[in-house]
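Single-structure report; data block below.
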Amino acid sequence: MKHTRIRKVAVLGSGVMGSQIAAHCVNAGMDVLLLDLKSDNPKRPNLVAEESIKKISKMKPAPFGLPEFAHRIQLGNFDDDLEKLGKVDWICEVIIERMDIKKDMMSRIDAIRSKGTIVSSNTSGLPISKISEDCSEDMKQHFLGTHFFNPPRYMKLLELIPTPSTKPEVMETIHHFCETVLGKGVVVCKDTPNFIANRIGVFSMANVLPYFFEGKFRAEEIDLLCGTLAGYSKAASFRTADIAGLDVLQHVSQNLYPAVPDDEKREVFQLPEAYKKMVEKGFIGNKARAGFYKKMQTGKGREFHVINPKTLEYEPQEKPELEIVKEAKEISNKAERLKFLSNHDSREGTFIWEVQRDLMLYSANRVPEISDSIEAVDRALKWGFNWEMGPFERWDALGVKETVDRLTLEKVSIPKVVKDLLAAGFTGFYTTDLVFDPVSKTMIERTPIAENEITAVSIRKAEKVVLENNSAALLNMGDGVALFEFRTKNTTLNFELVQTLEQSLDIVEDRFDALVISHDGDHFAYGADLMEAMGYAQKGDFEKVYETVNNFQRTAVKLRYAPFPVISAPFGMTLGGGAEFVLYSDKVIAHHELYMGLVEVGVGLIPAGGGTTELLRRGMGKLVGEADPLPFIREAFKTIGMAKVSESAEMAKKLGLLRESDLVVMNRNQQLHVAKNEAIKMAQSGYQAPARDSLMVLGNKSLSVMKLMLYVMNEAGFATEYDKVVGERVAFVLAGGDLSEPQTVPESYLLKLERDAIFACLHDERTHARIEHMLKTGKPLRN
């Protein structure tokens, strides 16, 4: 359906959430107005909003896609600029969490807004219907609640809360906008206290606190057992509390307790006294640099200490050595692993079972109170708290019937939704394509995560596999478009993957019109498989090393000159060889959260899959008239030599890693859909591969400049002796060698220089040391 276009957004309230919501709207290309209280300074009436933007501009991770995006926000104040609300499409109120103040603001908005303008109140728990109850009928029809999660740019979840008066078409418009334009994972909630994610997530966190404060388990043990091992987030329980803020969790719990008088687990929200004392002492988490964990200076340097629940003093962490953990880590399937942990006959196994039991019972008892959708509950927890498994996925992992039998032995009441599931003859809340609907008590089709979502998994289920092995697959997306999917562990680019890509190019030429390169993982590619390369080098099998390098470069370059359009759809970490595949694609459909870079120098190598040559090409392509090319060569040299990694797709454009013509998609789940459509469009428009051209190089003129840069960095201590050696190898390629004067050279000439340079690196023991160190520690060696 056609949706009302939202182009201009006003955010009211420039606190931590308001200013970051404004920043994310700017990232998405919106015109944004940010208002707050008027300053007492007559010369700077917008000082409150100005200071807020200045504060978030220093945040890490950065709320803005590029630092300069901060200047795109129009600042104002409630006294002088409220009438500007009459010209916006969406008003997002994010002021203090007090009902009287919010209602007063709504009456002011109602008097100014244009008819049909959508208004939302961003709150973590106030009753949405009550906020707008005194407003006009048109405002009520265009009003809803929003609940962004902090930080808004990075957290996927956005809860939308309609009131009984909200028009369905208004919900459809804002749902489409938030999902497609802002890139959010949208969950529609009922207007109940703390909605879905905080209601269950805060319960889950509060429920483990007594185990710590009563001295049953150390914080390190709980975080180990309640992290990714058991399907939660990497931050686990107490690190999550430190990130969110202990004061925030206390505030949410205090608000929840009186709001849920009939909640069977209401007392869990009465937090332990020692927790309250931590808040009183200012131990409120990362923003205070002290929470459950605190970074302390020790004889070994700075390291994290953990708080003692009795003394509230910080002490060194203990590394838990638990047999159950060692055994569980051998189980790769997270559902099977959770079942093993919950059934383990040990102190830790009992703890995990009790935590799972309480979470599953609490979540099941909240249906239909907080939601009629099993999917909505699971998605809210996965997207809002970064859990790997939602509550109902846990029921299925442990086995619904087996869990009910165990609960019956423990004399625990079984939630109605679980009884209904079993009475209807189903054994789990999910099947491959279906999910249990508590309303109809039948299995219904699972809904896509986003409109027009395409996944490699769904293509494979449709039996459209053209070619596959352990490292990669070629899939048929339909409409003449093929998808090349990476399948290696940690999405590294090994020999088999590259060989399969080259083979796939021949298949696509014969059977398809276009090729998309992407997959369903969390990160696009971490670069070459260093372990594989190191294995060849250690065996002295340099013929295999040469073959690997030659194959990689030949295949990467083939992407550009294939007789059909090649579209890359990168996301997350896109490093080294992965970045080179992207650089040689005809078009890129990048996810906004793109961390892309040619980082090979960190392991003593140079980009030799055409990356060095391509950055030179792009730099020289910026020349206008008789402009001096040296500044552009220097920038390419710095990008490679300093292993710069973009912090967004927009920054990748600034670094020359993406072209201005490449597209940026905000919603990761819609990326393949956009990439497929772009591939079709290019193929249908009569695509022709580019001609092989020559490049201008400056020879010694630029080589001497880059060597001077390395000398200065080495003298200043920013570059080690081996950094200097590797850097000179990069410089030699960018200069086109030690040519006596500038001249044009064929691309093949520069590609050979790349190969010669990386072979020199691979014969150097200092590169071997860097690779070994990276494989062992995950950190670069400065040798």
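The values are calculated or read from the model by the stated rules, or taken from the named source; none is laboratory data. What you are looking at is a predicted structure, and each value in this text was computed from that prediction instead of being measured. All Cβ positions, glycine included, derive from the backbone under ideal geometry; neighbour counts span all protein chains shown. We work out accessible area using only protein heavy atoms, side chains counted, and drop any ligands, DNA or RNA first. Shrake-Rupley method; radii C 1.70, N 1.55, O 1.52, S 1.80 Å.
Odds and ends about this structure:
- Heavy-atom accessible area, probed at 1.4 angstrom with all protein chains present, ranks TYR546, TYR362, TYR526, TYR561 as TYR526, TYR546, TYR561, TYR362, highest first.
- Beta bridge orientation in the chain: antiparallel %, DSSP, nearest 5: 45 percent
- Percent carbon-and-sulfur accessible area, the stretch 38-83, ignoring ligands, DNA and RNA, probe 1.4 Å: 52 percent
- Centroid-to-centroid separation of the stretch 571-635 and the stretch 294-311 [C-alpha atoms, Å]: 42 Å
- Additional length obtainable on full extension of the chain from ASN783 to SER346, 0.36 nm per residue less Cα span: 152.7 nm
- With the alpha-carbon atoms of the stretch 481-600 aligned to their principal axes, the span from lowest to highest coordinate is 42, 34, 20 Å, starting with the largest.
- Cα-derived Rg to Rh of the chain, Kirkwood definition: 0.98
- Across TYR711, TYR722, TYR536, the residue with the most accessible area heads the list, and the full order at a 1.4 Å probe is TYR711, TYR536, TYR722.
- Relative contact order (%) - the stretch 591-690, alpha-carbon pairs under 8 angstrom, separation at least six: 38 percent
- Share, in percent, of DSSP beta bridges within the stretch 127-228 that are antiparallel, nearest 5: 55 percent
- The trypsin sites (Lys or Arg not before Pro) of the stretch 485-592 meeting both criteria, a DSSP state outside H, G, I, E and B (loop) and at most 10 other C-beta atoms within 10 angstrom of the site's C-beta, are LYS539.
- Counting Lys and Arg as +1 and Asp and Glu as -1 over every other residue whose Cβ lies under 10 Å from the Cβ of CYS189, the net charge comes to 0.
- Relative packing of 403-414, 369-380, which averages over residues the other C-beta atoms within 10 Å, highest first: 369-380, 403-414
- Normalised by the number of residues in the stretch 62-170, the average gap of Cα pairs under 8 Å and 6 or more apart makes the relative contact order 22 percent.
- Computed magnitude of the charge dipole of the chain (debye, nearest 20; Cβ of K, R +1, Cβ of D, E -1): 1180 debye
- Calculated accessible area for the stretch 668-718 comes out at 55 Å² per residue, all protein chains present (probe 1.4 Å; ligands, DNA, RNA ignored).
- Largest-first principal axis extents, alpha carbons of the stretch 160-300, Å: 61, 38, 29
- Semi-axes of the equivalent ellipsoid for the stretch 222-320, Cα gyration tensor, largest first, Å: 27, 17, 11
- Projected label distance in nm at GLU97 and GLU336, using a 7 Å step from Cα toward the beta-carbon: 4.2 nm
- In plain terms, if you count all Cα to Cα distances in the stretch 329-474 and split them into 5 Å steps from zero, the share in each step is 2, 8, 16, 20, 18, 15, 10, 6, 4, 1, 0 percent.
- Share of carbon and sulfur in the accessible heavy-atom surface of the stretch 110-161 [1.4 Å probe, %]: 48 percent
- Accessible area (Å², 1.4 Å probe, nearest 10) - THR720: 30 Å²
- Comparing VAL208, PHE581, SER253 along the charge dipole axis of the chain, the residue lying farthest to the positive side is SER253, per the Cβ-charge model.
- Think of a 1.4 Å ball rolled over the protein heavy atoms: the stretch 316-428 then has 45 Å² of accessible area per residue.
- Between helix 721-735 and the chain: long-axis angle, C-alpha atoms, 0 to 90°, nearest 10: 70 degrees
- Mean Cα-pair separation over length for the chain, i.e. relative contact order, pairs under 8 Å, 6 or more apart, %: 8 percent
- Its alpha carbons considered, the stretch 404-502 gives a radius of gyration followed by a Dmax of 20.4, 61 Å.
- Heavy atoms of GLU451 accessible to a 1.4 Å probe, total area in Å² rounded to 10: 80 Å²
- Dipole orientation for the chain: of the candidates SER685, ALA590, SER14, SER14 has the Cα lying most toward the positive pole (charges on Cβ; Lys, Arg +1; Asp, Glu -1).
- Size of charge dipole - the stretch 125-281 - debye, nearest 20, with Cβ of Lys, Arg +1 and Asp, Glu -1, no other charges: 460 debye
- Cα-Cα separations in the stretch 96-168 greater than 15 Å, expressed as whole percent: 52 percent
- Of all accessible heavy-atom area on the stretch 167-324, the percent that carbon and sulfur account for (1.4 Å): 51 percent
- Dimensionless Rg/Rh of the stretch 232-279 - Kirkwood Rh, Rg from C-alpha atoms: 1.01
- Solvent-accessible area per residue, Å², over the stretch 450-538 with all protein chains present [probe radius 1.4 Å]: 44 Å²
- The Cα-based radius of gyration and maximum Cα-Cα distance (Dmax) for the stretch 533-673 are 15.8, 52 Å.
- Angle between the chain longest axis and helix 246-259 axis [Cα atoms, degrees, rounded to 10]: 30 degrees
- Degrees, to the nearest 10: 630-641 long Cα axis against longest axis of the chain: 60 degrees
- The rule of thumb for compact globular proteins, 2.2 N^0.38 Å, goes into the C-alpha radius of gyration of the stretch 443-496 1.31 times.
- Helical contribution to [θ] at 222 nm, DSSP H n ≥ 4, -39,500 (n - 2.57), averaged over the chain, rounded to 500: -13000 deg cm²/dmol
- The order of the peptides 149-161, 733-745, 600-612 by mean Cβ neighbours within 10 Å, most packed first, is 600-612, 149-161, 733-745.
- Note on the stretch 708-783 and the stretch 428-489: Cα centroid distance 43 Å, given to the nearest whole angstrom.
- Directionally averaged projected area (convex hull, Cα atoms, the stretch 200-259), nm²: 4.1 nm²
- Restricted to Cα atoms, the stretch 687-753 shows a radius of gyration and a Dmax of 14.5, 50 angstrom.
- Computed from the Kirkwood radius of its Cα pairs, the Stokes-Einstein diffusion coefficient for the stretch 20-138 at 4 °C and 1.567 mPa s stands at 84 µm²/s.
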